[in-house]
Amino acid sequence: MRLVNYGTLVAPYELCACADVGDVPVNPIDVQDTLRRIEAEMTSLHQGGVTPLSIGGDHIISYPILRALGAERPVGMIHVDAHSDTGDTYFGGQKLTHGTPFRRAIEDGVLDPKRTVQIGIRGTMYASDERDWAWRSASSRSGSCTPCSSRYHSCDFERPYCRISRPVMFRPSTLTERLSEKL
């Protein structure tokens, strides 16, 4: 195993104890079972004192991860994506899809909207209420910050970073990013 990152010269194993614990054994034909399995695995890791770093998968995997990490108290989140993933239902009324995880997590009380920041939101939506719900939810819960990319698209991340760090930095938080989308 190569121990030092070429671009940053960071040696992660010198900074902290980290390990690849493998994949969660998902059920490819049953979304509900897969979500239960992911939540159980993340809960086990979290209760064991592990701070998980999850990579890959459809954005619905964020939901069981947030349920596991926010079970005792809600977590904050920095979300970098073109879509807010705060839809209500998709595909014939399905409540748990790639476009609904953060709405479900806020409704479940495991994601703190006061400490949720979304960057780069600019993509299309399945329903016009997605944006309205996110803003209403934020306002009614004492305000989350959801900066749109139209505001930050041409600037560096220094300016939004100041706004991001305050709501999330002193309490447990998570970072989620869709690597397949460009800002």
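The values are calculated or read from the model by the stated rules, or taken from the named source; none is laboratory data. What you see is a predicted model; the values in this text were computed from it and never measured. Reconstructed Cβ throughout: ideal geometry from the backbone, glycine too, with neighbour counts over all protein chains shown.
Among the conditions (1) in a loop (DSSP other than H, G, I, E, B); (2) modelled with pLDDT of 75 or more, the only one that Ser154 does not satisfy is (2).
For region 89-137, the candidate set comprises residues that are among the charged types (D, E, K, R) and farther than 22 Å from Leu69 by Cα; within that set, the residue that is surrounded by the most Cβ atoms within 10 Å (Cβ to Cβ) is Glu130. Please determine whether any residue of region 4-11 is at positive phi and at pLDDT 90 or above. Looking through region 4-11, at least one residue is at positive phi and at pLDDT 90 or above. Here is a check on your reading of the model: is Thr8 without any contact (Cβ under 8 Å) to a residue 24 or more places away in the chain, of a type outside the set (Asp, Glu), assigned to a loop (DSSP other than H, G, I, E, B) and surrounded by 11 or more Cβ atoms within 10 Å (Cβ to Cβ)? So Thr8 fails the test. Considering only residues in region 48-68 that are under 12 Å from the mean Cα position of the chain (by Cα) and of a type in the set (Ser, Thr, Tyr), the one that is surrounded by the most Cβ atoms within 10 Å (Cβ to Cβ) turns out to be Tyr63.
Can you name the residue in region 59-100 that is touching a residue at least 60 places away in the same chain (Cβ under 8 Å), part of a helix (DSSP H, G or I) and touching an Asp or Glu at 6+ places or on another chain (Cβ under 9 Å) and is also farthest from Ser128 (Cα to Cα) among such residues? Per the criteria, the residue is Ile65.
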